[in-house]
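Note sheet for the following structure.
The values are calculated or read from the model by the stated rules, or taken from the named source; none is laboratory data. Keep in mind the model is a prediction, meaning the values are calculated, not measured. Positions of Cβ are backbone-derived with ideal geometry, glycine not excepted, and every protein chain shown enters the neighbour counts. These accessible areas exclude ligands, DNA and RNA; they are computed on the full protein's heavy atoms, side chains included. Shrake-Rupley method; radii C 1.70, N 1.55, O 1.52, S 1.80 Å.
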Amino acid sequence: ADDVVDFETRTRKYLNLTSNEPVFFTAEAKIDGLSLSIRYEERQLVLAATRGDGEEGEDVTANVRTIENIPKQLPSSAPEILEVRGEVYLSHSEFHRINAARETMGEQLYVNPRNSASGALRQLDSSITASRKLQFFAYSWGQISSSLGNSQFEVLENLKKFGFSINPLTQKTEGSGGLLESYREIEAARALLDYDIDGVVYKVDRLDWQERLGQLSRSPRWAIAHKFKAEQAETRVIDIDIQVGRTGALT
């Protein structure tokens, strides 16, 4: 919580704002999936790539075309060139369905939804990707030929109008107090979601302020991530099995 308060303080100081000037942020659930960039030219999907090493990603265009909630063509109100960034994920219900089918066929079960989504997106056979029913949340953008708004929240609302899925937990809120309240609300919703999240990302809402704040070497000054604590549950030890090693040690 102290880091969140410090984030607002640093933002105000860098922008030279008075203490009574309101500062709005977005609080967005941090999806535990696979990062993806999708490029549209003349409002048609022409390229999709994974983040890779940050310089060069993997071309997964054919597979991305099979993801139902990613629009293949944008409406006339969209910019001619638009690069949308977001997260590909596999829902819990779909993950369990796939594993149940694999168990029936005597195949090895997948470990978790994130790895399953990653493997499905990189399949050489697009029909296999289509059968996995991947989904996508848009949360950012890259190259763009015309403005989509003056704030983070406004741009997300416009992406929604173009047919992209925006995470419904996304909130616009004021100050560090509002951010911490959003964090508590999103954390409380975590166990009820059909997908994995591992924290909340806070972003300064005004895009002109984002531009003024700029970047550090590895991260933007206008955004931070607030991770959740590790999930905990109780377990009961039923029995232990003691084995004698070749040196006589008991393990």
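So, by mean Cβ neighbours within 10 angstrom, what's the order for 177-183, 20-26 with the highest one leading?
177-183, 20-26
With the dipole of segment 144-251 worked out from charges on the C-beta (+1 for Lys and Arg, -1 for Asp and Glu) around the Cα centre, which of Gly177, Gln232, Val155 lies farthest toward the positive end?
Farthest towards the positive pole: Val155.
Is there a pair in Lys161/Lys227; Lys161/Lys229; Lys30/Lys161; Lys133/Lys229; Lys72/Lys161; Lys72/Lys172 whose C-alpha atoms are over 25 Å apart, and which pairs would that be?
Lys161/Lys227; Lys161/Lys229; Lys133/Lys229; Lys72/Lys172
Can you give the accessible area per residue of segment 1-109, in Å², using a 1.4 Å probe? Could the numbers behind the result be given before it?
Numbers: 5990 Å² over 109 residues.
Accessible area per residue: 55 Å².
Helix-derived [θ] at 222 nm for the chain: sum -39500 (n - 2.57) over DSSP H runs of at least 4, divide by residue count, nearest 500?
Theoretical 222 nm ellipticity from helices: -9000 deg cm²/dmol.
Could you tell me which of Gln73, Ser116, Asn63 has its Cα farthest along the dipole of the chain towards the positive end, charges placed at Cβ (Lys, Arg +1; Asp, Glu -1), taken about the Cα centre?
Working it through, the farthest residue towards the positive pole turns out to be Gln73.
Which value, in Å² and to the nearest 10, is the accessible area of Arg39 when all protein chains are kept and the probe is 1.4 Å?
50 Å²
Given the options Gly106, Thr9, Ala191, identify the residue whose Cα lies farthest towards the positive end of the charge dipole of the chain (+1 on Cβ of Lys, Arg; -1 on Cβ of Asp, Glu).
Going by the charge dipole, the pick is Thr9.
Roughly how many debye, to the nearest 20, is the charge dipole of the chain about its Cα centre, given +1 on each Lys and Arg Cβ, -1 on each Asp and Glu Cβ, and no other charges?
Working: 30 positive and 38 negative charges, 25 e Å.
That gives a dipole near 120 debye.
State the percentage of accessible surface on the chain attributable to carbon and sulfur atoms; use a 1.4 Å probe and exclude ligands, DNA and RNA. Kindly include the intermediate steps, with their values, before the conclusion.
Working: 7050 of 14840 Å².
Carbon and sulfur together cover 48 percent of it.
Show me 123-132, 208-217 ranked by packing, highest mean number of other Cβ atoms within 10 Å first.
Working: 123-132: 14.5, 208-217: 12.2.
Output ranking for 123-132, 208-217: 123-132, 208-217.
Per residue, what accessible area does segment 111-251 have, given a 1.4 Å probe and all protein chains present, in Å²? List each step's numbers first, then the result.
Working: 8780 Å² over 141 residues.
I get 62 Å² per residue for this part.
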